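Undergrad: To start, I am sharing the structure in question, which I have written as structure tokens.
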Amino acid sequence: MRVGVLTGGGDCPGLNAVIRAIVRTGVAEYGYEFTGFRDGWRGPLEGDSMTLDVQAVRGILPRGGTILGTSRTNPLGEKSAAGGRSGLERVKDNLAQLGVDALVAIGGEDTLGVATRLHDGGVKVVGVPKTIDNDLSATDYTFGFDTAVNIAMEAIDRLHTTAESHHRALIVEVMGRHAGWIALHAGMAGGANVILIPEQPFDIEQVCGWVEHRFQTRYAPIVVVAEGALPKQGKEELTDQELDSFGHVRLGGIGQMLAGEIEKRLGKEARVAVLGHIQRGGTPTAFDRVLATRFGASAIRAVAEREFGKMVALRGTDIVRVPLTAATTELKTVPPERYAEAELFFG
Ligand code: F6P
């Protein structure tokens, strides 16, 4: 059996650990051969592949990024090419031509959405969930999240000392388009003064009140804000209006807006640190390496057991298999009661 592997969407610490576990388990337990596809769905769409054997995955467990490369290419949005073949048909043609019998797709809701459509079209697919945002409802955790939270927490710790020294407010903008999990966990772990998330529109007056209180108590105000957070009656801050091939806008700028408001309303200096892709780069934590390794091993076992159209997921401490559609049906957002726990420490 020849199994194709691809990584799609934003990169995420732990992707290489998944690839390694798939190949090592597949070779050792089942004698499978592997084809790696480059740059997400662009690989099978254009027939761009590479050899993936045990030698190719040596030493990649601690490495961030993905040796396969990634992209946000969407075969569903591709115009028909020569011969009238749609994007999905071209993917199927290339899989057949390369002798790929089954495919493991590692990605978030967009990548797994395409995987679902391929499975409906008769391709043997197994999914592995991935996102630093931790917002896929079918799994308790996605790998990459723990690493992103630890990076953001360390940044907050460092910003605390400089904010204290200069008596200024520091705003830390973290990733999180629709879900505030990174902001919530990093903010709680880092002792933030205020945490702002997309699920809970904020009142700028109240935010300034919490910041002012922290100044009065002679302690540094640190505001952690998710890029998708929005003021009441406000709009998401967009850095540009460009959409990617899955229709997502690029966010960013909410931190700068908050700093401006704090300076204007309180007359205190406020600075912004936008963590951006630092949260996605570098080596995965032990938690993410273990989760990614367990996901990879379980995904190839799902192939061997012919459990196609499924995705591996973490439930409690167990790795389970759920329908691929479960990855894309509902976004896992921060429940109000979890936010309320953090709110106790605001101000
Ligand atoms: O989905 C993960 C994520 O990191 C989001 O939090 C963020 O909005 C987005 O990807 C940014 O994507 P990119 O860096 O590829 O533009």
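Undergrad: K92: which aspartates and glutamates have alpha carbons under 20 Å from its alpha carbon, excluding same-chain residues fewer than 8 sequence positions away?
TA: The qualifying aspartates and glutamates are E33, D39, E46, D48, E78, D101, D110, D120, E307.
Undergrad: At 1.4 Å probe size, with the rest of the protein present, what percent of the exposed accessible area of the stretch 239-300 is carbon and sulfur atoms?
TA: Of all accessible area on the stretch 239-300, carbon and sulfur atoms account for 56 percent.
Undergrad: Still on this structure, I have one more. With every protein chain left in place, what is the accessible area per residue of the chain in square angstrom, probe 1.4 Å? Let's see the in-between values first.
TA: Numbers: 14380 Å² over 347 residues.
Ligands and nucleic acids excluded, the figure is 41 Å² per residue.
Undergrad: Okay, next question. Using a 7 Å offset from the Cα along the Cα-to-Cβ direction at both H213 and K232, what is the distance between the two label points in nm, to one decimal?
TA: Between H213 and K232, the label points sit 1.6 nm apart.
Undergrad: Shifting gears a bit: Too long at a 32 Å Cα-Cα cut-off: which of K232/K310; K268/K332; K130/K264; K232/K268; K79/K232?
TA: K232/K310; K268/K332; K130/K264; K79/K232
Undergrad: State the dimensionless ratio Rg/Rh of the stretch 72-142 (Rg: radius of gyration of Cα atoms; Rh: Kirkwood radius).
TA: Using only Cα positions, Rg/Rh for the stretch 72-142 is 1.02.
Undergrad: Something else about it: With the dipole of the chain worked out from charges on the C-beta (+1 for Lys and Arg, -1 for Asp and Glu) around the Cα centre, which of V5, C208, A155 lies farthest toward the positive end?
TA: V5
Undergrad: On to the next question. Would you please classify the overall shape of the stretch 241-292 from the alpha carbon gyration tensor, given that a ≥ b ≥ c denote the square roots of the eigenvalues, rounded means a/c under 1.5, and beyond that prolate means a/b larger than b/c while oblate covers the rest? Please report the intermediate quantities before stating the final value.
TA: Working: a/c = 4.21, a/b = 1.56, b/c = 2.70.
In terms of gyration-tensor shape, oblate.
Undergrad: Translational diffusion coefficient, Stokes-Einstein: compute it for the stretch 156-260 using the Kirkwood radius over C-alpha pairs as Rh, at 10 °C and 1.306 mPa s, and state it as an integer in µm² s⁻¹.
TA: 113 µm²/s
Undergrad: Right, here's the next one. With runs of 4+ DSSP H residues as the only contributors, calculate the mean residue ellipticity of the chain at 222 nm using -39,500 (n - 2.57) per run, divided by the residue total and rounded to the nearest 500.
TA: Here the helix-only value at 222 nm equals -11000 deg cm²/dmol.
Undergrad: Related question: Need one number: convex hull volume per residue for the stretch 71-201, Cα atoms only, in Å³.
TA: Taking the convex hull of the Cα positions in the stretch 71-201, it is 150 Å³ per residue.
Undergrad: Kindly provide log₁₀ I(q)/I(0) values, in the same order as q = 0.12 Å⁻¹, from the Debye equation applied to equal alpha-carbon scatterers of the stretch 235-347.
TA: Cα-only, vacuum Debye calculation for the stretch 235-347: -0.80.
Undergrad: What are the membrane-span-like helices in the chain by this rule: whole DSSP H runs, Cα extent along the axis at least 30 Å, mean Kyte-Doolittle hydropathy at least -1.0?
TA: Answer set is 145-166.
Undergrad: Which value results when the Cα radius of gyration for the stretch 1-156 is divided by 2.2 N^0.38 Å?
TA: Against the empirical 2.2 N^0.38 Å value, I get 1.04 for the stretch 1-156.
Undergrad: Let a ≥ b ≥ c be the square roots of the eigenvalues of the Cα gyration tensor of the stretch 16-74; is it rounded (a/c under 1.5), or, if not, prolate (a/b larger than b/c) or oblate?
TA: The shape class here is oblate.
Undergrad: Here is a follow-up. Alpha carbons only, please: Rg and Dmax for the chain, in angstrom.
TA: For the chain, the Cα radius of gyration and maximum Cα-Cα distance read 21.7, 71 Å.
Undergrad: At what distance in angstrom do the alpha carbon centres of the stretch 96-155 and the stretch 257-280 lie from each other?
TA: For the stretch 96-155 versus the stretch 257-280, the Cα centre distance is 33 Å.
Undergrad: What's the extension gain from L243 to Y30 if we count 0.36 nm per residue and subtract their Cα-Cα distance?
TA: Taking 0.36 nm per residue and subtracting the Cα distance, the gain is 72.5 nm.
The values are calculated or read from the model by the stated rules, or taken from the named source; none is laboratory data. These numbers were taken from a predicted model, which means no experiment stands behind them. Virtual Cβ from ideal backbone geometry, glycine too; neighbours counted across all protein chains shown. What goes into the accessible areas is simple: the full protein's heavy atoms, side chains included, and nothing from ligands, DNA or RNA. Shrake-Rupley method; radii C 1.70, N 1.55, O 1.52, S 1.80 Å.
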